[in-house]
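Asks: Pasting a structure below so you can have a look.
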Amino acid sequence: MAKKNKKTNANTIAVNKKARHDYFIEQTLEAGLSLKGWEVKSLRDNKVQIKESYVILKNNELFLFGSHISPLKSASTHVNADPTRTRKLLLHRLEINRIKDKINQKGATVVPLKLYWSKGNVKLEIGVAKGKKAHDKRQDIKEKDWKRDKQRALKESLK
């Protein structure tokens, strides 16, 4: 029996699939993330979820709000671990200004898309996005189904 090879990226920590379903992603950026030691240990153990999180702009700085990093049981007892604390995003001033201009447009927001390792550092892929309506979501589902059916038909014709 043949195994299906799933593409797994060892560098990926968490993916926000809901963001691509709910928003049109216009632009993506890579941002660093300011973390504490216990958070990095938890990320190595994949104890994180970013599905309900979003990015806020405050005092010309970007912050990740609503993400949940569960503390490990083996973490130090003298550290007061707050799993839902607001974490600062590390970006250049020029990038922050560009995002700020996009956010000021009507209906635009910034959402986290993916959390991953890059050269030993934790990076967050963020996207400047606009919300989808219900009919847009249905259209995306139809297109996805059509592509899947087309691939099946092509695979069957090659057998």
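Asks: For the range 112-126, what does the Karplus curve 6.51 cos²θ - 1.76 cosθ + 1.60, with θ = phi - 60°, yield as ³J(HN,Hα) per residue in whole Hz, taken in order and with x for Gly and Pro?
Replies: Running phi through 6.51 cos²θ - 1.76 cosθ + 1.60 with θ = phi - 60° gives x, 10, 8, 10, 8, 8, 9, 6, x, 10, 8, 10, 10, 8, 10 Hz.
Asks: Quantify how much of the Cα-Cα distance distribution of the range 58-156 extends past 21 Å, in percent.
Replies: On the way: 2837 of 4851 pairs.
So the portion of pairs separated by more than 21 Å is 58 percent.
Asks: If you take the charge dipole of the chain about its Cα centre, with +1 on Lys and Arg Cβ and -1 on Asp and Glu Cβ, which of TRP117, ASN104, VAL79 is farthest toward its positive end?
Replies: With unit charges placed on the Cβ atoms, the residue in question is TRP117.
Asks: Hand me the trypsin sites (Lys or Arg not before Pro) from the range 83-149 located in a DSSP loop with no more than 12 other Cβ atoms within 10 Å, in residue order please.
Replies: LYS106, LYS119, LYS133
Asks: Taking all protein chains as present, what is the carbon and sulfur share of the accessible area of the range 12-132, in % to the nearest whole number, probe 1.4 Å? Working shown, then result.
Replies: Working: 3290 of 7010 Å².
C and S fraction of accessible area: 47 percent.
Asks: Given a 10 angstrom Cα cut-off, can you work out which residue in GLY37, GLY66, GLY120 is the most mobile in a GNM of the chain?
Replies: Sorting by GNM fluctuation, first place goes to GLY120.
Asks: For LYS114, list long-range residues whose amide hydrogen, built 1.01 Å from N in the peptide plane, is under 5 Å from its own amide hydrogen.
Replies: ASN16, GLU125
Asks: Then there is this: Helix-derived [θ] at 222 nm for the chain: sum -39500 (n - 2.57) over DSSP H runs of at least 4, divide by residue count, nearest 500?
Replies: It lands at -10000 deg cm²/dmol.
Asks: From the phi of every residue in the range 105-111, what ³J(HN,Hα) in whole Hz does the Karplus formula 6.51 cos²θ - 1.76 cosθ + 1.60 yield, where θ is phi - 60° and glycine or proline is x?
Replies: Residue by residue, the range 105-111 yields 5, 5, x, 8, 8, 10, 10 Hz.
Asks: Right, here's the next one. Once the other residues with Cβ under 13 Å from the Cβ of ALA153 are scored (Lys, Arg +1; Asp, Glu -1), what is the net sum?
Replies: That works out to +3.
Asks: Give me the dipole magnitude in Debye, nearest 20, for the chain about the Cα centre, with unit charges on the beta carbon: positive for Lys and Arg, negative for Asp and Glu. Intermediate values should be presented prior to the final figure.
Replies: Working: 38 positive and 17 negative charges, 133 e Å.
The calculated dipole for the chain is roughly 640 debye.
The values are calculated or read from the model by the stated rules, or taken from the named source; none is laboratory data. Here the structure is a predicted model, which means the values were calculated and not measured. Every residue, glycine among them, receives a Cβ derived from its backbone with ideal geometry; neighbour counts consider all protein chains shown. When the accessible area is computed, the model is the full protein with side chains, heavy atoms only, and any ligands, DNA or RNA have been set aside. Shrake-Rupley method; radii C 1.70, N 1.55, O 1.52, S 1.80 Å.
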